[in-house]
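Trainee: Got a structure for you, written out below as C-alpha cells; questions coming shortly.
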Amino acid sequence: RSPRKPPRKGERRREQSDAMATATATGIAINHRRRPAAPALATLPPSSSSALSPIRPSLRLSHSLCFLSGNRYSKRNPKTRGLGVVVCAATEPLKVMISGAPASGKGTQCQMIVEKYGLVHISTGDLLRAEVSSGTEIGKKAKEYMDTGMLVPDEIVTDMVVSRLSQKDVREKGWLLDGYPRSSSQAGSLERMKIRPDIFIVLEVPDEILIDRCVGRRMDPVSGKIYHLKNFPPETEEISARLITRTDDTQEKVRSRLETYKQNSDAILPTYFDLLQKVDGNRPREIVFQEIDALLQKIRTDAVKFKTLEVTNGNSNSNLKLAASSRDNWRGIPTRLNNIPHSKEIRKYFYDDVLQATQNAIEDKIRRLKVEINIPELNPETDVYRIGTLLELVRTLALSFADDGKRVKVCVQGSMGEGALSGMPLQLAGSRKIMEFMDWGEYGALGTFINIGSIGAREVEEQDDLFILMAPQNAVGNCIIDDMKAMTDAAGDRPVILVNPRLKDMPASSGIMQTMGREKRLEYAASFENCYFFRLLYYAGTQYPIMGALRMSYPHGYELYKRIDESYGKEKYKLIATFPKRPTGEEINAAFEGKPRQAIES
C-alpha cells in the first residue's frame, strides 16, 4: 500500500525477503510506524476531518506502556531513579481500585502508588478502626457487630467508604481503594451511585508462592515490621530472637483465606471487566510497580488528550459527556467504493467504524461478537479480494485493545482434515506467516500484549483477555464450529470476536451434506451477535453499479442507504429506511421501491 520508509537511527528492523515479497503481493504495509493523519473524505462534513477516533484518541500502544523481555517488564534505557511526584494539570484526579490475595504484595504496591501519585489510600480495615475510635454513628453500628464476632454488613461498610470518598482531600487528590469492593453487592452499590474507578488492578501470584510467603512471614512485635525467613530475613540476631508468627499465617488458614478471596474476586470481576488490568505479582516489587506505573501514566495521557480534544472542538463539557456523545458521531458512507484498490483513507474509515462499534459492544458487556464487512477488498467471492485489508482490520482491532492493556489472542484456523483431504481455506493461506512480520507498533506488542494462535480450546490461556478469530470458516468435508465451540467454552466470559466468519454448512467430501448435529452447529453460529455489519447492494447477479448499502453499528439498528448519482460524476448515499433487526431481501426491495412497510408485512 504505502512505500516502505528507511529505518530511523537506532531502530531495529527484521528483514525477511520472502515474507516481504508475499506481503507486498497481498497489498499489506509491513512497516508504517509514522503514518500521516488521513485527510477527510470529500463526502464527509468538515467536523469529521480529525484523524483521531471519537472514542479513543490513539490506536497505538501508549509511550508509557512497558514491553516484555522474557517474563519481565522493562522500559527503554532503564535508569535507577527515585519516585517523582506526578503533576498533571487540567485533568481529573486518579481513581484506582486494587485487589490481590493475601501476601500478593498489594500493601507494598499501594504504598508505592501513594508515594508517586499522592492518592488517598482507603482501606476498609483502617476505616473501620477509625470510625469506631471516633465514635461516629457508622462506627457505633460497626462496633456492635465486631464485638459479637460477626461480619460488618455490606451496607455499613459501603456507607463508610462513600463517606470517605466524599471528603475534600479525596476529591482533590484522587483515591486508591484497597481490597474493596469484596462482594457483588458492594460492587453493585457503588455502581448504583455512579462510583467507578479509572482502572481495576488485580495482582496475580500462584497459590504455592502465596502460601510460602504467608507461612514464612514473621512480625517484630516491637517495631511492627514484617519479615520473611527466606526472602527478607531480619537484620540482626536480636530482632530474629523476638519475631513472632501471626495466628492466621498457618497453612490451613492461608488456604482458607485464598479460597475466600477467589470467591469474592469471581463475584466482582464481571462488574469491572472493561477496566480490568491483570499484573503479574510474582516479580520484584520494582518491576511490578513499573507495569502499574505505566498503566496509570497512560490514564493520565488519555485524560489530557480528551481535554485537548474538548478545547479543539470548543466544547466546555466534561470528558464523560464527550465520550458519551461520540457513540453517535458518524461520518457517513464514503463514495467510490467500486474503485479498486481502495484508498488508504477509505480503508481507515472502515477500520475506525468497525473499531468504534466493537468497543461499544464490549463496553456493554456483550461477549460473543461478530463483525461482517463486505466491501470489494473484503469480499472473497470477488477477484479483487485482498487478504492484506483483512489483516490490517484485525491489526487495528488488536492494537486498540492492547493499547488498553488487554492481552489479545489473534486466532487463525490451521489445516483441517487428514491425509489427502487435509488443507485450509485458500482465503487464509499464508496469513499467519504474514502476521508474524507485520508492524505491530513501536513497543513490542506482538509477543507481549498480542499473541497469534490457532482455533481450539488448547489456545485459551489464563492470561488472555480477549480473542479475535480471523475469518473462521467451514471447508468442504470439514467443520470449524466444533473447535470454535470448545474455544468459546474455555474462554468463559472473556469476549470472542469473529471477523468475517463463514459458518454455513458445506458439502462433505462424499457430496452429502453434513447432518450430524447440524441444527446445533447452526444454532451455535447464530449465537454470535452482530456488532458491525456493512454490505454493498447490487442488482441480482451483478457487481456494478452499486445500488446502495446496508449498515449496522452497535448499539444502533440496521440502516438502508440508496446511492444517488449527482452532477459532475459525484455521488452520495441517502438514508431511506431503518430496521430494528437485519432486513430480508423482500424488505430491502420494498424500501427501494418506496412501498409502505405495513403493506409488505401484511
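The values are calculated or read from the model by the stated rules, or taken from the named source; none is laboratory data. What you see is a predicted model; the values in this text were computed from it and never measured. Note that we place each Cβ from the backbone using ideal geometry, even for glycine, and neighbour counts take in every protein chain shown. The area values use the complete protein model at the heavy-atom level, side chains included, leaving out ligands, DNA and RNA. Shrake-Rupley method; radii C 1.70, N 1.55, O 1.52, S 1.80 Å.
Trainee: If we keep just the residues of region 370-408 that are among the aliphatic types (A, V, I, L, M) and open to solvent by 10 Å² or more (accessible area, probe 1.4 Å), which is farthest from residue 299 (Cα to Cα)?
Mentor: Going through region 370-408, the residues among the aliphatic types (A, V, I, L, M) turn out to be 371, 373, 375, 378, 384, 387, 390-391, 393-394, 397-399, 402, 408.
Filter again for open to solvent by 10 Å² or more (accessible area, probe 1.4 Å), leaving 384, 387.
On the way: 384: 41, 387: 34 Å.
Looking at residues that are among the aliphatic types (A, V, I, L, M) and open to solvent by 10 Å² or more (accessible area, probe 1.4 Å), I get 384.
Trainee: Separate question: Can you name the condition, by its number, that residue 588 falls short on among (1) surrounded by 19 or more Cβ atoms within 10 Å (Cβ to Cβ); (2) in contact (Cβ under 8 Å) with a residue 60 or more places away in the chain; (3) not in a strand (DSSP E or B)?
Mentor: Looking at each condition in turn, residue 588 falls short on (2).
Trainee: Related question: Which residues, taken from region 166-194, are part of a helix (DSSP H, G or I) and over 23 Å from the mean Cα position of the chain (by Cα)?
Mentor: 168, 169, 170, 171, 172, 173, 185, 186, 189, 192, listed by residue number.
So that you can scan it fast, the table gives a plain yes or no per residue for (1) open to solvent by less than 30 Å² (accessible area, probe 1.4 Å); (2) at pLDDT 85 or above; (3) within 21 Å of residue 521 (Cβ to Cβ); (4) among the small types (Gly, Ala, Ser):
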site	(1), (2), (3), (4)
417	no, no, yes, yes
471	yes, yes, yes, yes
495	yes, yes, no, no
501	yes, yes, yes, no
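Trainee: Can you tell me which of 142, 130 is of a type in the set (Gly, Ala, Ser), open to solvent by less than 40 Å² (accessible area, probe 1.4 Å) and over 29 Å from residue 300 (Cα atoms)? Reasoning before the result, please.
Mentor: Details: 130 fails: open to solvent by less than 40 Å² (accessible area, probe 1.4 Å).
Among 142, 130, only 142 is of a type in the set (Gly, Ala, Ser), open to solvent by less than 40 Å² (accessible area, probe 1.4 Å) and over 29 Å from residue 300 (Cα atoms).
Trainee: Go over the candidates 256, 223 one by one and state the one that is assigned to a loop (DSSP other than H, G, I, E, B), out of contact with any His (no Cβ under 6 Å at 6 or more places or on another chain) and small (Gly, Ala, Ser). Write out each step before concluding.
Mentor: Values: 256 fails: assigned to a loop (DSSP other than H, G, I, E, B).
223 is the lone residue from the list that is assigned to a loop (DSSP other than H, G, I, E, B), out of contact with any His (no Cβ under 6 Å at 6 or more places or on another chain) and small (Gly, Ala, Ser).
Trainee: Where the second residue is surrounded by fewer than 22 Cβ atoms within 10 Å (Cβ to Cβ) and the first is charged (D, E, K, R) and lies in region 381-404, which pairs have Cβ atoms under 6 Å and are six or more apart or on separate chains?
Mentor: So the pair list comes out as 386/27.
Trainee: Give me the residue from region 539-556 that is open to solvent by 10 Å² or more (accessible area, probe 1.4 Å) and either of a type in the set (Asp, Glu) or within 12 Å of residue 592 (Cβ to Cβ) (or both) and, out of that set, nearest to the chain's Cα centre (by Cα).
Mentor: Across region 539-556, the extreme among qualifying residues is 547.
Trainee: I'd like the full set of residues that are among the hydrophobic types (A, V, I, L, M, F, W, C) and surrounded by fewer than 20 Cβ atoms within 10 Å (Cβ to Cβ), limited to region 88-126.
Mentor: Of the residues in region 88-126, the ones among the hydrophobic types (A, V, I, L, M, F, W, C) are 88-90, 94, 96-98, 101, 103, 110, 112-114, 119-120, 122.
Within region 88-126, 88, 89, 90, 112, 114, 120 meet the criteria.
Trainee: Same structure again: Of everything in region 175-190, what is open to solvent by less than 60 Å² (accessible area, probe 1.4 Å) and touching a residue at least 60 places away in the same chain (Cβ under 8 Å)? Give them in sequence order. Before you say what the answer is, go through the steps one by one.
Mentor: Start the filter on region 175-190 by keeping residues that are open to solvent by less than 60 Å² (accessible area, probe 1.4 Å), which leaves 175-181, 183, 185-190.
Passing the criteria: 175, 176, 177, 178, 179, 180, 181, 183, 186, 187, 188.
Trainee: So which residues in region 339-369 are part of a helix (DSSP H, G or I), within 22 Å of residue 528 (Cβ to Cβ) and among the hydrophobic types (A, V, I, L, M, F, W, C), if there are any at all?
Mentor: Correct list: 350, 354, 355, 357, 361, 362.
Trainee: Just checking, how many residues over region 360-369 are open to solvent by less than 10 Å² (accessible area, probe 1.4 Å) and either out of contact with any strand residue (DSSP E or B) (no Cβ under 7 Å at 6 or more places or on another chain) or modelled with pLDDT under 90 (or both)? Before the answer, list the steps.
Mentor: Pass one, region 360-369, residues open to solvent by less than 10 Å² (accessible area, probe 1.4 Å): 360-361, 369.
Now restrict to residues that are either out of contact with any strand residue (DSSP E or B) (no Cβ under 7 Å at 6 or more places or on another chain) or modelled with pLDDT under 90 (or both): 360.
Result for region 360-369: 1.
Trainee: Which count do you get for residues in region 549-578 that are touching a helix residue (DSSP H, G or I) at 6+ places or on another chain (Cβ under 7 Å) and of a type outside the set (A, V, I, L, M)?
Mentor: Final tally of qualifying residues: 4.
Trainee: Pick out the one residue from 271, 250, 236, 260 that is open to solvent by less than 50 Å² (accessible area, probe 1.4 Å) and among the hydroxyl-bearing types (Ser, Thr, Tyr). Break it down into steps so the answer makes sense when it comes.
Mentor: Numbers: 250 fails: open to solvent by less than 50 Å² (accessible area, probe 1.4 Å); 236 fails: open to solvent by less than 50 Å² (accessible area, probe 1.4 Å); 260 fails: open to solvent by less than 50 Å² (accessible area, probe 1.4 Å).
The unique qualifying residue is 271.
Trainee: Further, regarding this structure: Looking at (1) of a type outside the set (D, E, K, R); (2) in a loop (DSSP other than H, G, I, E, B); (3) surrounded by fewer than 20 Cβ atoms within 10 Å (Cβ to Cβ), find the lone condition where residue 440 falls short.
Mentor: It is condition (3) that residue 440 fails.
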